[in-house]
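Working notes, structure below.
Read-outs throughout are calculated quantities, based only on the coordinates presented, and are distinct from any laboratory measurement. What you are looking at is a predicted structure, and each value in this text was computed from that prediction instead of being measured. Note: ideal-geometry Cβ built from the backbone for every residue, glycine included; neighbour counts use all protein chains shown.
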Amino acid sequence: MSQGGRVVGEHGPGGYVGEIALLEHRPRHATVIAKTPVKLEVIKQREFAGLLEEMPDLARQVRAVAADRLANAED
């Protein structure tokens, strides 16, 4: 992932991106460029909200990752 042309993170298999935009209802804050072929799943905000409601443990994990990413982005 890059932000303002600066690499701010890398993700491997099972990783996810875009959660901040979905949680905060705002535009994305980083750009993702794949180094290898990838398969991805696009989830719309309504589906994402329903998934988090159905899976509270996942919701806590996603919110914690989003908070960490936001904190690191501010550094």
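Mean separation of Cα pairs under 8 Å and 6+ residues apart, divided by the residue count of the chain: what relative contact order is that in percent?
Details: 34 pairs, mean separation 21.6, N = 75.
Here the relative contact order equals 29 percent.
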- [ ] Provide the descending list of Cα extents for the chain along its principal axes, expressed in whole angstroms.
- [x] 35, 30, 20
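Tell me, in nm to one decimal, what length is gained between residue 46 and residue 21 on full extension, where the rule is 0.36 nm per residue of separation less the Cα-Cα distance?
Details: separation 25, 0.36 × 25 = 9.00 nm, distance 1.25 nm.
Length gained, residue 46 through residue 21: 7.7 nm.
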Task: Leading residue at positive end of dipole, the chain (Cβ point charges), from 56, 32, 45 - done: 32
Task: Dipole moment magnitude, nearest 20 debye, the chain about Cα centre, only Lys, Arg, Asp, Glu C-beta charged - done: 280
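Between residue 11 and residue 55, what FRET efficiency comes out of the Förster formula 1/(1 + (r/R0)^6) with R0 = 25 Å and r the beta carbon distance, rounded to 0.05? Mind dumping the intermediate values first?
On the way: r = 20 Å, r/R0 = 0.81.
Efficiency for this residue pair is about 0.80.
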- [ ] Enter the angle in degrees (range 0 to 90, nearest 10) between the Cα long axis of helix 56-74 and the first principal axis of the Cα atoms of the chain, meaning the one along which they spread out most.
- [x] 30
Open item on the list: As an exercise, use a Förster radius of 30 Å and the Cβ-Cβ distance of residue 39 and residue 71 to find the FRET efficiency, rounded to the nearest 0.05.
Closed with: 0.55
- [ ] Please determine, in degrees from 0 to 90 and to the nearest 10, the orientation of helix 45-54 with respect to the longest principal axis defined by the Cα atoms of the chain, where the helix direction is its Cα long axis.
- [x] 60
